[in-house]
1. Quick check: residue separation of B:His156 and B:Asp171 times 0.36 nm, minus the Cα distance between them. What number comes out in nm?
2. Among the listed pairs A:Lys71/A:Lys242; A:Lys108/B:Lys99; B:Lys103/B:Lys274, give every one whose C-alpha distance is greater than 20 Å.
3. Tabulate in residue order the Karplus-calculated ³J(HN,Hα) for segment B:253-269, using 6.51 cos²θ - 1.76 cosθ + 1.60 with θ = phi - 60°, rounded to whole Hz; enter x for Gly and Pro.
4. Taking the Cα centre of chain A as the origin, how large is its charge dipole in debye, to the nearest 20, when only Lys and Arg (+1) and Asp and Glu (-1) carry charge on their Cβ atoms?
5. Quick check: pseudo-label points 7 Å beyond the Cα along Cα→Cβ at A:Glu197 and A:Asp50, how many nm apart are they?
6. Tally Lys and Arg at +1 and Asp and Glu at -1 over the other residues with C-beta under 15 Å from the C-beta of B:Phe308: what net charge comes out?
7. I want to make sure I understand the PRE zone here: with the label point 7 angstrom from the Cα of B:Val280 toward its beta carbon, which residues in segment B:228-266 have backbone N atoms less than 14 Å away?
8. In what order, largest first, do A:Ile87, B:Ile73 sit by accessible area if the probe radius is 1.4 Å?
Amino acid sequence: MLGTIELLERHAARCRRSVVRMVRSSGAGHLGGSLSCLDIVTALYFHAMDVDPKNPGKTNRDRFILSAGHKCMAQYAALAERGFFDISLLDTYGKLNTKLPGHPDMHKLPGVEANTGALGHGLSISVGMALGLRAAGLESRVYTIMGDGELPEGSNWEAAAAAAHYGLQNLAVFVDDNGLQISGRTVEVMNMEPVEERFSAFGWATRSIDGNDMSEIVNTLGALPFEPGKPSAVIAHTIKCKGLSFAEGKMAYHYWKPKEDELALAELELDEAVRLGEAG
Amino acid sequence: MDVKLSDPRKIFGAAVLEAARHNPDIVVLSADSGGSSGHGDFKKQFPDRYYEFGIMEQGVVGIASGLATTGKIPVFCAIAPFVTSRPFEMFRNDLGYMKQNVKIVGRNSGISYSDLGATHHSLEDFALTRMIPGVTVLAPQDPGEITSAVYAILEHKGPVYMRIGNDPIPDLFEQSPLEIGKGRILREGSDVTVISTGTLTGAAIEAAGFLEARGVSARLVGMPTVYPIDRDLVLESARSTGLVVTVEEHYVIGGLGTIVQEVLSEELPTKVRKLGLPHVYATSGPYRELLAHYGLDAPGLAASVEDFVNKAR
């Protein structure tokens, strides 16, 4: 019998394979961030969140907001894996009129809660959701993934102040801190360090974790809220393109437009990871 | 004769409060703006449904979207440019693209914050908000219509932008419930149609009286819904009188005048003169003097309409 962690890692391996499946369909995609946040997304959909693929709009569901909407391949992979739609839909990624656009659209795909993509929007929307859920007397939580590269957007800090002011303990944010953005290392492009202390100074309860370590992620989810009456921020240190050996930690793979041989290499490696996971 | 004048913000706030008594989903959001938006009594009577955020309009529009996803009907009113141009992308994405049932109200619109200068004027808010697919844009014209418009937008499902002024306004016409997308004929006439919206309809009515005395018969159409426009009424009026003049406290490009021209140029090419603010940063001064400076008081409007009609004759 598999333990929780092994099971989640098996799902994560399959989701990583699905990400590359989408790149095959489209010819390109935001690979780096999709793979860096994927372990967290997997743990949310398969361990933490109360969601029902058969009733995606149920009132008391937990909400997932991908503020860094360009990492949508991670969410699409997890939604498919969780049964929100047939996995073959992934083969429409990048195609005309797909339900899986390059940034998520709540009106096209069940399980998507907000139309993110423009950075610096997701946290405000999350704060409003958390306020509304609390006002309705629901225990539901809002889980938000932000990219480290979007932290300089000022609107984030408007929302961060509001979340603390209203004591939104039903809100948890994961900052997918993979350390890289299009123009270079995030600390060199615009240094927002110390990120954890910034959230803390805004009135959040915070933790730093290895965001690609499933045990740490699961332990962290179990500890929410970190403090009663405060929103929780997790600074998740991750590796860009985690799980794809030739791309890990490399800036060039933020947006990946692979040649056939590299794509085939990726498929081979991730097929093998899935096989190893199934062999358990 | 004493004319009863009402503060549009107080009328607005009272209408929201009245609607909220019957609909528990209505919540009010404030960016340090609620008190000046007429929401003082709402805050007292429904403290749990009144959310203060301080001055963060981008955040508030996003938060309004999130609240709306849980079934709330957020109403957010502040100085017009701060709820339109400043958080434009949040309006576009979080309200428009997400199709959320949020009511954004710009007060002290146009040049009504006259002496505070161009930072506080909103002369492009019709243009900005009508560009967002699915957004309904309103500018009610008198106290009764503001009340009626509040009830209508709170019944309407979807994002709305409504603008109100600041200056006390008189009752202009017998009330009938406002129907979104419908204009009303305020006066019949045969030489020209004057289509007016929002804060300037009072002056337009007065101007029509001046024009009559000078032998110009003006049909007057009040257009509380700027977008989507009442196409049938625009076309029927143009067919009936020929010439059309539009009147708005907005730039002469991008707003009511442009929308009317779009309809007419497609279906019934008609000469249109657009009255409003020139496309510059407006100067500052006392409100009434500023309106007169730009020819947007009753004598100014009458003179422009008469000139237009005479040139066409």
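The values are calculated or read from the model by the stated rules, or taken from the named source; none is laboratory data. Because the structure is a prediction, the values reported are computed rather than measured. In this analysis, Cβ positions are derived from the backbone assuming ideal geometry, glycine residues included, and neighbour counts consider all displayed protein chains. Side chains included, ligands, DNA and RNA excluded: accessible areas come from the protein's heavy atoms. Shrake-Rupley method; radii C 1.70, N 1.55, O 1.52, S 1.80 Å.
1. Numbers: separation 15, 0.36 × 15 = 5.40 nm, distance 2.47 nm.
That works out to 2.9 nm of additional length.
2. Working: A:Lys71/A:Lys242 13 Å; A:Lys108/B:Lys99 12 Å; B:Lys103/B:Lys274 28 Å.
Among A:Lys71/A:Lys242; A:Lys108/B:Lys99; B:Lys103/B:Lys274, the Cα-Cα distance tops 20 Å for B:Lys103/B:Lys274.
3. 10, x, x, 3, x, 5, 5, 4, 4, 4, 5, 5, 5, 6, 10, 7, x
4. Numbers: 27 positive and 35 negative charges, 154 e Å.
Computed about the Cα centre, the dipole is about 740 debye.
5. 3.9 nm
6. +4
7. Flagged as within label range: B:252.
8. On the way: A:Ile87 60, B:Ile73 15 Å².
So the residues, ranked largest to smallest area, are A:Ile87, B:Ile73.
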